[in-house]
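Data block below; observations after.
The values are calculated or read from the model by the stated rules, or taken from the named source; none is laboratory data. Remember, it's a predicted structure, so these values are computed and weren't measured experimentally. Cβ placement follows ideal geometry from the backbone for every residue including glycine, while neighbour counts extend to all protein chains displayed. Accessible surface areas use protein heavy atoms only, side chains included; no ligands, DNA or RNA. Shrake-Rupley method; radii C 1.70, N 1.55, O 1.52, S 1.80 Å.
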Amino acid sequence: MSEQDDYAEIRERASNDPYCGHVGIDLAEVGDGYAETTLTVAEDHLNFHGTPHGGAVYSLADAAFAAASNSHGDAAFALETNISYLAAAEVGETLRAVAEETHLGGRTAEYEVVVSDGDGERIATFRGRVYKPGGR
């Protein structure tokens, strides 16, 4: 299977993800150890302070993390994640999460995901590590 086929499979699986579909998260791009997801902030993404709920921002970052970590064609399962929230966004803004592989070992890999607003301002930083049972 070619790399393009691997990416097509990931794109299809991500586009059929029921949770991401429910929340409004779209996979914008995927490559080797790399992925971008987007979410346009709507009223139903807000918390009681009137800012995007941390769970919505986390979900956006986690979706990019999942696509990037599975981009090599092998199954990858989250071992641990953490997120730092840095700023809020407004309703109508499109947030972008960019996941980049920072370490690829035998059976583990690590990713950093930067969530930013339409002006490129960093909203959050997410880090995650995965287990790849098929890795060597």
Whether any residue in the stretch 59-76 is open to solvent by 30 Å² or more (accessible area, probe 1.4 Å) and aromatic (Phe, Trp, Tyr) is what I want to check. no
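Looking at the structure I just gave you, is GLY92 within 21 Å of VAL23 (Cβ to Cβ), assigned to a loop (DSSP other than H, G, I, E, B) and among the small types (Gly, Ala, Ser)?
Details: within 21 Å of VAL23 (Cβ to Cβ): yes; assigned to a loop (DSSP other than H, G, I, E, B): yes; among the small types (Gly, Ala, Ser): yes.
Criteria met by GLY92.
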Kindly list the number of the only condition in (1) modelled with pLDDT under 95; (2) of a type in the set (S, T, N, Q); (3) part of a strand (DSSP E or B) that fails for SER71. (3)
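Yes or no: GLU101 closer than 19 Å to GLY55 by Cβ, part of a strand (DSSP E or B) and either open to solvent by 80 Å² or more (accessible area, probe 1.4 Å) or in contact with a Phe, Trp or Tyr (Cβ under 7 Å, 6 or more places away or on another chain) (or both)? Before the answer, list the steps.
Values: closer than 19 Å to GLY55 by Cβ: no; part of a strand (DSSP E or B): yes; either open to solvent by 80 Å² or more (accessible area, probe 1.4 Å) or in contact with a Phe, Trp or Tyr (Cβ under 7 Å, 6 or more places away or on another chain) (or both): yes.
When the stated conditions are applied, GLU101 does not pass them.
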Across the stretch 25-58, the tally of residues that are of a type in the set (Asp, Glu), surrounded by 15 or more Cβ atoms within 10 Å (Cβ to Cβ) and more than 23 Å from LEU104 (Cα to Cα) stands at 1
